[in-house]
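Nothing in this text is a laboratory measurement; each read-out follows from the coordinates by a stated rule. Owing to the predicted nature of the structure, the values given are computational and were not obtained by experimental measurement. Neighbour counts run over all protein chains shown; Cβ positions are idealised from the backbone, glycine included.
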Amino acid sequence: MSQLFKLNHTPFWSNSKSCSSKEEIERCKERDLLEKMLSEMTGEFPSITEVFVNERDTHLAHSLLLATQNDSDTSNDAKATAVVVVGVVGMGHVKGISAKFGTTTANDVNTVNT
């Protein structure tokens, strides 16, 4: 991969478990509740979880990676330019996108589509 990228999480959906302010503590509680609900859903409805969470994470991770690529990557004489991409996703997709970002290929997306 020729470009550098950084997956940045804003405080309201950060993967970190550090919760220092009262507002951040409430957000952590929401995230913990969501993770528990997703875990329960996976156990009870694995096929629904596969489609609505895992497959979407694959698409979103790959789409965000594609958005970071620019046309100058193919030109040897072009100076590297920073590309900023903002993706707004639901809290339930952050963990999966983070895990799949940079590793999901077009083949993975095609496999999901079939």
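Sort the following peptides by mean Cβ neighbour count (other Cβ atoms within 10 Å, averaged over residues), highest first: 23-33, 54-64.
Working: 23-33: 13.4, 54-64: 19.2.
Descending packing order for the listed peptides: 54-64, 23-33.
Coupling constants for segment 51-61 follow from the phi torsions by the Karplus curve (6.51 cos²θ - 1.76 cosθ + 1.60, θ = phi - 60°), and in residue order they are 6, 7, 10, 5, 5, 5, 4, 4, 4, 5, 4 Hz; glycine and proline get x.
Among Phe52, Phe101, Phe45, a tally of other beta-carbon atoms within 10 Å of each Cβ gives an order, fewest to most, of Phe45, Phe52, Phe101.
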